[in-house]
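Student: So that we are looking at the same thing, I have put the structure below in C-alpha cells.
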Amino acid sequence: MSSFKILTLVGSLRQGSINLKLAETAGLNLPDGVELIRFEQLADIPFYNEDTDTIGSLPPAAAALRQAAERADAVLVISPEYNGTIPAVLKNAIDWLSRPFGAGAISGKPAAVIGSAFGQYGGVWAHDDARRSLGVAGARVLDDVKLSIAGSLVRFAELHPKDDQEVVDQLLTVVRSLAGAVQPSQV
C-alpha cells in the first residue's frame, strides 16, 4: 500500500485542548500506510504580511509550515470554535498556505475539517468557515467529511477521546476518507 502523509493543524494552542486530544487519538488509530504529521509551531507564525512573504525575509515558522504542507498529501484541520468562528491562529496558517495565490502549498490537496466545542453544535460554524477558507486557499475540500462533536466539556470531562469508541471509529472514517481522496499522482 502507498504511504500517505496527512498534515494536521490543531486550532487550539492550549495543552489540555480536547481538539489536541482528538488529533492524538486520530494518530493512535491509523490505517496501514497513513501517517499523521501534526504541525506544532502555529503559535510561532506571525500574522500574514505580504511584505515579509518574500525570499530572504520569510519568517522561519511560516517557511516550516509551507514545507510541511508541501510534503503532505492531504490536510486535516481540527478546530474548536471561538466566538462563533475559526480561531485566528488557524486562519493565519491558512493565509500563509494560500500563497502564492493559485500555487500555495495546499493547492489541489484534499482537506477535511473536524473538531469539538462545548456548545450544542460542536463548532459547526467554525468548521464551515474553515472549509470555506481552505477552499479559497486552493485546497480540495471534502465537504462530505464532517465530524463536529458537541458538548466536549461534559463528554470528555473524565474520558479521553481515545477511550470513546464512537469517536475513535468516526476519526478512523475521516482519516480513511482523506487517504482515499489522495490522487495517485500526488503520492
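The values are calculated or read from the model by the stated rules, or taken from the named source; none is laboratory data. Just so it is clear, the model here is predicted, and its values are computed rather than measured. Note that each Cβ is placed from the backbone with ideal geometry, even for glycine, and that neighbours are counted across all protein chains shown.
Student: Let me confirm something: among SER107, SER79, which residue is under 19 Å from SER177 (Cβ atoms), surrounded by 14 or more Cβ atoms within 10 Å (Cβ to Cβ) and polar (S, T, N, Q)?
Tutor: SER79
Student: While we're here: May I ask you to verify whether PHE101 is over 30 Å from LYS162 (Cα atoms), assigned to a loop (DSSP other than H, G, I, E, B) and touching a helix residue (DSSP H, G or I) at 6+ places or on another chain (Cβ under 8 Å)? So that I can check it myself, show each step before the final result.
Tutor: Working: over 30 Å from LYS162 (Cα atoms): yes; assigned to a loop (DSSP other than H, G, I, E, B): yes; touching a helix residue (DSSP H, G or I) at 6+ places or on another chain (Cβ under 8 Å): no.
For PHE101, the condition - over 30 Å from LYS162 (Cα atoms), assigned to a loop (DSSP other than H, G, I, E, B) and touching a helix residue (DSSP H, G or I) at 6+ places or on another chain (Cβ under 8 Å) - is not met.
Student: Could you tell me whether GLU35 is modelled with pLDDT of 95 or more, surrounded by fewer than 20 Cβ atoms within 10 Å (Cβ to Cβ), in a helix (DSSP H, G or I) and under 16 Å from the mean Cα position of the chain (by Cα)?
Tutor: Details: modelled with pLDDT of 95 or more: yes; surrounded by fewer than 20 Cβ atoms within 10 Å (Cβ to Cβ): yes; in a helix (DSSP H, G or I): no; under 16 Å from the mean Cα position of the chain (by Cα): yes.
Against the criterion (modelled with pLDDT of 95 or more, surrounded by fewer than 20 Cβ atoms within 10 Å (Cβ to Cβ), in a helix (DSSP H, G or I) and under 16 Å from the mean Cα position of the chain (by Cα)), GLU35 does not qualify.
Student: Give ALA88, ALA43, ALA63, ALA72 a once-over and let me know the one that is aliphatic (A, V, I, L, M) and crowded, with 16+ Cβ neighbours inside 10 Å.
Tutor: Of ALA88, ALA43, ALA63, ALA72, the one residue that is aliphatic (A, V, I, L, M) and crowded, with 16+ Cβ neighbours inside 10 Å is ALA72.
Student: Right, another one. Can you tell me which residues in region 38-66 are of a type in the set (A, V, I, L, M, F, W, C), free of Cβ contacts under 8 Å to residues at least 24 places away in the same chain and not in a helix (DSSP H, G or I)?
Tutor: Those that are of a type in the set (A, V, I, L, M, F, W, C), free of Cβ contacts under 8 Å to residues at least 24 places away in the same chain and not in a helix (DSSP H, G or I): ILE55, LEU58.
Student: Further question on the same structure: Could you list, ordered by first residue, the pairs with Cβ atoms under 8 Å in which the first is in region 130-157 and more than 15 Å from GLN120 (Cβ to Cβ) and touching a residue at least 40 places away in the same chain (Cβ under 8 Å) and the second is in a loop (DSSP other than H, G, I, E, B) and basic (Lys, Arg), at least 6 apart or interchain?
Tutor: The qualifying pairs are ALA139/LYS109; ARG140/LYS109.
Student: Tally time: how many residues in region 1-16 are modelled with pLDDT under 95 and either among the hydroxyl-bearing types (Ser, Thr, Tyr) or touching a Ser or Thr at 6+ places or on another chain (Cβ under 6 Å) (or both)?
Tutor: Residues in region 1-16 being modelled with pLDDT under 95 and either among the hydroxyl-bearing types (Ser, Thr, Tyr) or touching a Ser or Thr at 6+ places or on another chain (Cβ under 6 Å) (or both): 2 in total.
Student: Among the residues of region 172-184, what is the count of those that are touching a residue at least 40 places away in the same chain (Cβ under 8 Å) and either in contact with a strand residue (DSSP E or B) (Cβ under 7 Å, 6 or more places away or on another chain) or small (Gly, Ala, Ser) (or both)?
Tutor: 7
Student: Among the numbered criteria (1) under 14 Å from the mean Cα position of the chain (by Cα); (2) within 11 Å of VAL175 (Cα to Cα); (3) not in a helix (DSSP H, G or I), which one does LEU30 miss?
Tutor: Failing condition for LEU30: (1).
Student: Looking at the structure I just gave you, is SER152 among the polar types (S, T, N, Q) and more than 17 Å from the chain's Cα centre (by Cα)?
Tutor: Here the answer is yes, as SER152 does meet what is asked.
Student: Still on this model: From the list SER107, SER79, which one is at pLDDT 95 or above and in contact with a His (Cβ under 7 Å, 6 or more places away or on another chain)? Don't jump to the end; show me each part of the working.
Tutor: Numbers: SER107 fails: in contact with a His (Cβ under 7 Å, 6 or more places away or on another chain).
Checking each option against the conditions leaves just SER79.
Student: Looking only at region 84-98, count every residue that is out of contact with any helix residue (DSSP H, G or I) (no Cβ under 6 Å at 6 or more places or on another chain) and either modelled with pLDDT under 95 or of a type in the set (A, V, I, L, M) (or both) and tell me the total.
Tutor: Going through region 84-98 one residue at a time, the tally reaches 2.
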